[in-house]
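Chemist: Take this structure first; my questions come after.
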Amino acid sequence: MTSPTALQSPQYETAIDQQTWAFIKQTDQWYPPDTIDFSMQRQREIYDAMCREFHNGYPVGISAIDDCIASAEHSIPVRRYTVNNQSAAAHVVYFHGGGFVVGGLESHDDVCAEICLTTGLGVTAIDYRLAPEHLHPASFNDSISSVVHEYQRLNIPLILCGDSAGGNLAAAVSHKLRYRDQAIPIAGQVLIYPALGGDISKGSYVTHANAPMLTTRDVKFYLSIRTGCKAHADKVQLAPLLDTNFKNLPVTIAFSAQCDPVADDAQAYVASVNAAGGNAIWFNEKGLVHGYLRARHTVDRAKASFKRITDSICQLSRHHQLNPPTQ
């Protein structure tokens with residue numbers, strides 16, 4: 001049976017519209033497809049330059065301040081975004097993408113600012129430690145320490161949000177926090193084209209192995225760098241899809257890009273949450289590619305998806321439950 005995320009035979013020329021192709025071309029000019037073959041320092045230089053190129057600035061009414069969270073291991077840099085007439089119904093904690101090896105407070109700066117403006121909620125962006133200097137579970141430890149700290153600081157429900165690698169971290173934190181003696185109220189989690197540790201030998205990993213923007217080879221590379229090619233006893237921290245217990249997880253909405261090797265991860269995760277009696281919704285974005293958040297101002301499909309993302313965050317903040325987003 002063919003995965004519904006996959007095209008029977010990837011006909012990207014017709015499945016991907018001209019606006020998205022223009023976005024892909026612009027991205028490739030700044031971040032070439034063979035960037036993973038460069039040194040880590042060079043990869044970060046290229047990625048940072050690409051992020052600066054796509055930065056859209058701050059909307060009017062948004063301010064941000066940098067801070068640090070003290071943890072048992074080190075001081076975690078964060079950036080907190082506020083907006084005029086901010087709601088105290090909930091607070092968003094955002095984990096950036098970048099394969100666990102690139103990115104930081106600057107890479108998704110304008111995305112976080114726009115989430116803050118559009119939802120009316122405060123946002124905290126987490127600058128977790130990156131591999132290979134800091135192997136797993138460093139990024140996970142920073143993420144969970146930051147979530148605990150933000151709840152203790154604010155004492156309001158949190159919405160965990162992240163794209164790609166950040167979606168992995170958001171989900172892994174949600175799985176772990178279920179077992180705390182003192183519960184931290186997670187109003188929901190919004191996972192944007194998350195890489196959750198699906199079976200790399202089948203499904204979208206095969207059908208879209210050579211998709212624009214992200215390939216299955218890239219996914220394998222990032223996993224090897226994150227772990228240092230070492231096995232870990234707690235596989236759920238690495239790959240939330242490997243959990244055997246999906247009960248008592250927050251309300252979840254997961255967005256996948258149709259033309260993306262990790263597309264099936266979002267679908268499988270949502271199915272597992274629902275099978276365990278939870279509340280989860282999967283939304284597959286037709287004709288979009290990994291990393292489409294940066295296309296939200298130039299590609300109509302990406303703009304519509306970003307609105308669905310922020311609408312879902314708003315709904316979670318009000319009701320702690322989610323109805324299907326409008327297509």
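Chemist: Would you kindly state how much longer the chain becomes between Glu53 and Glu133 on full extension, computed as 0.36 nm times their sequence separation minus their alpha carbon distance, in nm to one decimal? Numbers along the way, then the final one.
Modeler: Values: separation 80, 0.36 × 80 = 28.80 nm, distance 2.63 nm.
Value of the extension gain: 26.2 nm.
Chemist: Still on this model: Suppose we flag GluC sites (Glu not before Pro) only when DSSP calls them loop and at most 14 other Cβ atoms lie within 10 Å. Which is the longest uninterrupted stretch of the chain?
Modeler: 134-327
Chemist: Compute the distance in nm between two label points, each set 7 Å from the Cα along the Cα-to-Cβ direction, one at Arg180 and one at Trp21.
Modeler: According to this spin-label approximation, the distance is 4.9 nm.
Chemist: Right, next: For His55, enumerate residues with amide H under 5 Å from its amide H, sequence gap 5+ or separate chain, H modeled in the peptide plane.
Modeler: Under 5 Å from the amide H of His55: no residue qualifies.
Chemist: Going by amide H atoms built from the backbone, whose H comes under 5 Å of the H on Ser256, apart from near neighbours?
Modeler: Tyr193, Phe283, Asn284, Glu285
Chemist: Another question, if that's okay. Compute the label zone of Arg42 within region 114-139: residues whose backbone N is under 16 Å from the point 7 Å along Cα-to-Cβ.
Modeler: Residues passing the 16 Å test: none.
Chemist: Helix-derived [θ] at 222 nm for the chain: sum -39500 (n - 2.57) over DSSP H runs of at least 4, divide by residue count, nearest 500?
Modeler: -12000 deg cm²/dmol
Chemist: What percent does the relative contact order of region 1-107 come to when contacts are Cα pairs within less than 8 Å and at least six residues apart?
Modeler: 21 percent
Chemist: If I build a Gaussian network model for the chain, linking alpha-carbon pairs within less than 10 angstrom, which residue out of Leu130, Leu241, Leu154 has the largest mean-square fluctuation?
Modeler: Leu154
Chemist: Hey, can you grab everything whose amide H is under 5 Å from the amide H of Leu214? Only 5+ residues off in sequence or another chain; H modelled, so Pro and N-termini drop out.
Modeler: Under 5 Å from the amide H of Leu214: His290.
Chemist: Quick one: Arg79, Arg294, fewest Cβ neighbours within 10 Å first, how do they rank?
Modeler: Arg79, Arg294
Chemist: Averaging sequence separations of C-alpha pairs under 8 Å and six or more residues apart, then dividing by the length of the chain, give the relative contact order as a whole percent.
Modeler: It comes to 18 percent, rounded to a whole number.
Chemist: Treat every Asp and Glu Cβ in the chain as -1 and every Lys and Arg Cβ as +1, leave all other atoms uncharged, and give the resulting dipole magnitude about the Cα centre to the nearest 20 debye. Walk me through the numbers before you get to the answer.
Modeler: Numbers: 26 positive and 31 negative charges, 126 e Å.
Here the chain has a charge dipole of around 600 debye.
Chemist: Using the structure shown, list the pairs from Lys25/Lys220; Lys176/Lys307; Lys230/Lys303; Lys25/Lys247 with a Cα-Cα distance above 31 Å, or answer none.
Modeler: Beyond 31 Å: Lys230/Lys303; Lys25/Lys247.
Chemist: Hey, another quick one. Hey, what's the Cα Rg ratio for region 22-319 versus the globular rule of thumb, 2.2 N^0.38 Å?
Modeler: 0.91
All of the numbers you see were taken from the coordinates with simple rules; none came from a lab. Source: prediction; values computed, not measured. Virtual Cβ from ideal backbone geometry, glycine too; neighbours counted across all protein chains shown.
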